[in-house]
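Here the structure comes first, spelled out in structure tokens, and everything after it is commentary.
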Amino acid sequence: MTLLKTNGLSKHFGGVAAVDKVDITVQAGEILGLVGPNGSGKTTVLNMLSGFLAPDAGEIWFADQNVTRMSTVQLARRGLLRMFQMTRVFPRISCFDNLLVAGMAMDLSEREAASRAAALLEELTLTHVQYLDAGSLSGGQRKLLEFGMCFIKPPRIALLDEPFAAVHPVMRETMADFIRRRHALGQTFVLVSHDMPIVVDLCQRAVCMNLGRVIAEGPTRAVLESAPVIEAYLGN
Ligand code: ADP
């Protein structure tokens with residue numbers, strides 16, 4: 001089943017076609033990798049999918065609804081959540097309270113939010129820092145907390161924007177395990193990452209962009225090893 005689909009999605013900045021007639025589909029339950037050299041248009045695609053930018057042309061369909069002009073808030077309410085922009089930690093309250101606030105913002109009762117918060121802190125190896133202010137966490141711990149805030153009420157689709165960048169390898173593995181477990185439970189993800197070994201490991205399918213266009217899509221390894229993709233990375 002197709003959960004998310006774009007038709008002819010396009011965005012220009014001045015004379016630059018940042019995204020040029022892009023058609024992408026995301027199947028329910030998959031982890032789709034979105035890769036490509038710097039400047040290929042990945043962030044602009046995510047910005048449009050999550051309602052941060054309005055497309056110049058084209059459509060976005062989410063669960064059979066045309067959501068092209070919806071705001072980030074409307075999309076998040078429908079279950080399309082972009083991580084590391086939508087979920088911002090509050091530095092002056094504890095990790096536990098951050099999760100509580102995130103849960104209550106998603107209309108969970110305080111009791112339900114507290115019970116989910118405790119389970120997520122455990123799963124994300126943050127129990128030992130649960131009563132510390134979120135502002136005192138390391139960058140990687142903060143990203144783990146953001147995962148927790150995003151999943152206090154699991155979205156229908158999570159758009160992950162370079163979640164592994166500048167994160168300690170141990171926490172990177174905690175994050176990857178978290179994604180694997182959620183995927184096994186049926187969670188759908190779109191993952192933008194420069195970390196090719198992790199993309200190969202996590203993503204069943206990948207779409208590669210270059211100069212605003214999709215240049216390859218299919219099983220991840222086949223995409224990364226295809227001639228146009230190698231050429232695009234060498235040319236960059
Ligand atoms: P990626 O995420 O793959 O690195 P981007 O989507 O950030 O690529 O950028 C695609 C192209 O659009 C690049 O040429 C970039 O310089 C241009 N671009 C992105 N955002 C803006 C903007 N706000 N203003 C002008 N040009 C932009």
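Looking only at the range 198-208, decide whether some residue is open to solvent by less than 30 Å² (accessible area, probe 1.4 Å) and free of Cβ contacts under 8 Å to residues at least 24 places away in the same chain.
The initial filter retains those residues of the range 198-208 that are open to solvent by less than 30 Å² (accessible area, probe 1.4 Å), namely 198-199, 202-203, 206-208.
Now restrict to residues that are free of Cβ contacts under 8 Å to residues at least 24 places away in the same chain: none.
No, every residue in the range 198-208 fails to be open to solvent by less than 30 Å² (accessible area, probe 1.4 Å) and free of Cβ contacts under 8 Å to residues at least 24 places away in the same chain.
Inspect the range 109-120 for any residue being within 18 Å of F84 (Cα to Cα), at pLDDT 95 or above and touching a helix residue (DSSP H, G or I) at 6+ places or on another chain (Cβ under 9 Å) and give the result as yes or no. Scanning the range 109-120, I find at least one residue that is within 18 Å of F84 (Cα to Cα), at pLDDT 95 or above and touching a helix residue (DSSP H, G or I) at 6+ places or on another chain (Cβ under 9 Å), so the answer is yes.
In the range 42-52, the residue that is least open to solvent (accessible area, probe 1.4 Å) out of those that are more than 10 Å from the ligand (Cβ to nearest atom) and without any contact (Cβ under 8 Å) to a residue 60 or more places away in the chain is G51. Taking the conditions exactly as written (among the aliphatic types (A, V, I, L, M), within 16 Å of I157 (Cα to Cα) and away from the ligand (no atom under 16 Å from the Cβ)), does L3 satisfy them or not? The answer is yes for L3.
Could you please let me know if R88 is more than 18 Å from the chain's Cα centre (by Cα) and surrounded by fewer than 16 Cβ atoms within 10 Å (Cβ to Cβ)? Before the answer, list the steps.
Working: more than 18 Å from the chain's Cα centre (by Cα): no; surrounded by fewer than 16 Cβ atoms within 10 Å (Cβ to Cβ): yes.
When the stated conditions are applied, R88 does not pass them.
Selection of the range 187-210 for residues being modelled with pLDDT under 95 and either touching a strand residue (DSSP E or B) at 6+ places or on another chain (Cβ under 7 Å) or closer than 24 Å to F62 by Cα (or both) yields only S193.
Is it fair to say R92 is over 28 Å from A206 (Cβ atoms) and either in contact with a strand residue (DSSP E or B) (Cβ under 7 Å, 6 or more places away or on another chain) or within 16 Å of the ligand (Cβ to nearest atom) (or both)?
Working: over 28 Å from A206 (Cβ atoms): yes; either in contact with a strand residue (DSSP E or B) (Cβ under 7 Å, 6 or more places away or on another chain) or within 16 Å of the ligand (Cβ to nearest atom) (or both): yes.
Answer is yes for this residue.
So that you can scan it fast, the table gives a plain yes or no per residue for (1) in contact with a helix residue (DSSP H, G or I) (Cβ under 6 Å, 6 or more places away or on another chain); (2) within 30 Å of K11 (Cα to Cα); (3) within 16 Å of the ligand (Cβ to nearest atom):
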position	(1), (2), (3)
P154	no, yes, no
I157	no, yes, no
R172	no, no, no
G186	no, no, no
E217	no, yes, yes
A232	no, yes, yes
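The condition of being closer than 26 Å to A165 by Cα, touching a His at 6+ places or on another chain (Cβ under 9 Å) and not aliphatic (A, V, I, L, M) holds for only one of G148, G139, G135, that being G139.
Could you pull out the residue among G148, G135 that is assigned to a helix (DSSP H, G or I) and within 26 Å of Q27 (Cα to Cα)?
Working: G135 fails: within 26 Å of Q27 (Cα to Cα).
Result: G148 is the single residue among G148, G135 that is assigned to a helix (DSSP H, G or I) and within 26 Å of Q27 (Cα to Cα).
Might you check whether a residue that is open to solvent by less than 20 Å² (accessible area, probe 1.4 Å), within 16 Å of the ligand (Cβ to nearest atom) and modelled with pLDDT under 95 occurs anywhere in the range 130-148? No: the range 130-148 contains no residue that is open to solvent by less than 20 Å² (accessible area, probe 1.4 Å), within 16 Å of the ligand (Cβ to nearest atom) and modelled with pLDDT under 95.
Filtering M48, M83 for residues that are closer than 30 Å to G15 by Cα and in contact with a Cys (Cβ under 6 Å, 6 or more places away or on another chain) leaves a single hit, M83. With respect to the conditions (1) touching a residue at least 60 places away in the same chain (Cβ under 8 Å); (2) open to solvent by less than 20 Å² (accessible area, probe 1.4 Å), R78 lacks only one, and its number is (2). Looking only at residues of the range 211-236 that are surrounded by fewer than 19 Cβ atoms within 10 Å (Cβ to Cβ) and assigned to a loop (DSSP other than H, G, I, E, B), we find that the one that is modelled with the lowest pLDDT is N236.
What are the residues in the range 11-41 that are at positive phi and near the ligand (Cβ under 7 Å from one of its atoms), if any?
Within the range 11-41, the first condition is being at positive phi, and the residues that meet it are 14, 21, 29, 36, 39, 41.
Correct list: G14, G36, G39, G41.
The values are calculated or read from the model by the stated rules, or taken from the named source; none is laboratory data. Because the structure is predicted, anything quoted here is derived from the model rather than measured. Cβ atoms come from the backbone with ideal geometry, glycine included; neighbour counts cover every protein chain shown. Accessible surface is based on the protein model in full, side chains and every heavy atom, while ligands, DNA and RNA are left aside. Shrake-Rupley method; radii C 1.70, N 1.55, O 1.52, S 1.80 Å.
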